[in-house]
1. Would you tally the residues in the range 195-219 being in a loop (DSSP other than H, G, I, E, B), over 26 Å from the mean Cα position of the chain (by Cα) and surrounded by 15 or more Cβ atoms within 10 Å (Cβ to Cβ)?
2. Please specify each residue of the range 370-388 satisfying the condition of being farther than 16 Å from residue 341 by Cβ and out of contact with any helix residue (DSSP H, G or I) (no Cβ under 9 Å at 6 or more places or on another chain).
3. Condition (residue is within 25 Å of residue 372 (Cα to Cα), at pLDDT 95 or above, surrounded by 12 or more Cβ atoms within 10 Å (Cβ to Cβ) and in contact with a helix residue (DSSP H, G or I) (Cβ under 9 Å, 6 or more places away or on another chain)) applied to the range 61-74: is it met by at least one residue?
4. Can you spot a residue in the range 386-409 that is part of a loop (DSSP other than H, G, I, E, B), touching a residue at least 24 places away in the same chain (Cβ under 8 Å) and under 18 Å from residue 21 (Cβ atoms)?
5. Would you mind telling me which numbered condition in (1) in contact with a strand residue (DSSP E or B) (Cβ under 9 Å, 6 or more places away or on another chain); (2) surrounded by 21 or more Cβ atoms within 10 Å (Cβ to Cβ) residue 33 fails?
6. Taking the conditions exactly as written (farther than 19 Å from residue 269 by Cβ and assigned to a helix (DSSP H, G or I)), does residue 97 satisfy them or not?
7. Determine the pairs where a residue that is on the phi < 0 side of the Ramachandran plot, located within the range 234-246, has a partner that is crowded, with 19+ Cβ neighbours inside 10 Å and part of a helix (DSSP H, G or I) with Cβ atoms under 6 Å apart, the partner being 6 or more residues away or on another chain.
8. If a residue has to be touching a strand residue (DSSP E or B) at 6+ places or on another chain (Cβ under 8 Å) and over 19 Å from residue 240 (Cβ atoms) to count, how many in the range 156-188 make the cut?
């Protein structure tokens, strides 16, 4: 049988990748019901923490002087520094230009006033619809922190639900700052104290169960430092073993671990001040092996961890790896990681999530990632077509749907006995 026309095959794959709606499995976005917690618009887009860090490298300004500026002043400084005084080809800068272009704005004009005017003439509800359409998103998973006082107030009210915005229960304060969080729990009526007594552990489980029932999360999540170890004798490890994992198992939801942060390596940069560290994969291996009835979602921050993590995912069906997180969200690294993961795991991975903190960012993050994923997939289909295997459009659509959320949903529904 003749080899399939590879040019036509490549075109079909890339067209299919562009057309399939995406489930964005990890973001820091909120639905409009959360008010000002949903960040959007030109000034928020330009004041992304990546661009703050780039700007402060390029100018000699005390950090506190920057933080004392208004949001508009900060955006003007970043625009002048990174887009006018320098060429904006870093991925974060290019992302701003992609957003403006995809929205139909004149990037060549460099007219900040016209960009701001565009956002003044649209409501947040209209803009959410527009962004979902431009990015071709089906849904996004929020990051929902019950310890955040502003967010907690919203959840205590009757909020209008938007089925496009799914929830994830974020428990960083519980696991990372027990010395403070136990006092909050006690203030909310849970019978806890500083020591992890049997009653305290039972009450922490009750707290987690209450919030799962309240917000119906698709998973529980925590961002962990590069030196994360499990098991050990720490408060964090005991809370994971005695509270998080039993509750996750009871409700059949995954525990998502995002591993590799070095927090506040430069405190002056505030939200932009975190760094990166290589982690030990042994903790992930132990969790998967010793808790076979729990499901784990894992992404790691260091490039050096990616191959070992993919190999680990080959060994444990209760492990699903996802995304190119944070400092890995650069085209060269996305392509490298995606190729390696497809070669080791086939369709058993969610190759990307946006991690968007500003609504507009899903436009550029998915535009850039779709292009890369489409190119890698086209190469892989061409590889198998050269053997005489006939690739159909229906099969490609099936596969892309799995990669862009279908496989993730299958993992969420998986019962491990």
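The values are calculated or read from the model by the stated rules, or taken from the named source; none is laboratory data. Owing to the predicted nature of the structure, the values given are computational and were not obtained by experimental measurement. Positions of Cβ are backbone-derived with ideal geometry, glycine not excepted, and every protein chain shown enters the neighbour counts.
1. Step one: of the range 195-219, the residues in a loop (DSSP other than H, G, I, E, B) are 195-197, 216-219.
When the remaining residues are screened for being over 26 Å from the mean Cα position of the chain (by Cα), the result is 195-197.
Now narrow it down to the ones that are surrounded by 15 or more Cβ atoms within 10 Å (Cβ to Cβ): 196.
Counting residues in the range 195-219 that are in a loop (DSSP other than H, G, I, E, B), over 26 Å from the mean Cα position of the chain (by Cα) and surrounded by 15 or more Cβ atoms within 10 Å (Cβ to Cβ) gives 1.
2. Hits for the range 370-388 are 384, 387, 388.
3. Taking the range 61-74 as the starting set, the residues that turn out to be within 25 Å of residue 372 (Cα to Cα) are none.
No - not one qualifying residue is present in the range 61-74.
4. No: zero hits.
5. With respect to (1) in contact with a strand residue (DSSP E or B) (Cβ under 9 Å, 6 or more places away or on another chain); (2) surrounded by 21 or more Cβ atoms within 10 Å (Cβ to Cβ), residue 33 is out only on (2).
6. Numbers: farther than 19 Å from residue 269 by Cβ: yes; assigned to a helix (DSSP H, G or I): yes.
For residue 97, the condition - farther than 19 Å from residue 269 by Cβ and assigned to a helix (DSSP H, G or I) - is met.
7. From the range 234-246, the pairs are 235/178; 236/175; 239/175; 243/204.
8. Residues that pass the stated criteria total 5.
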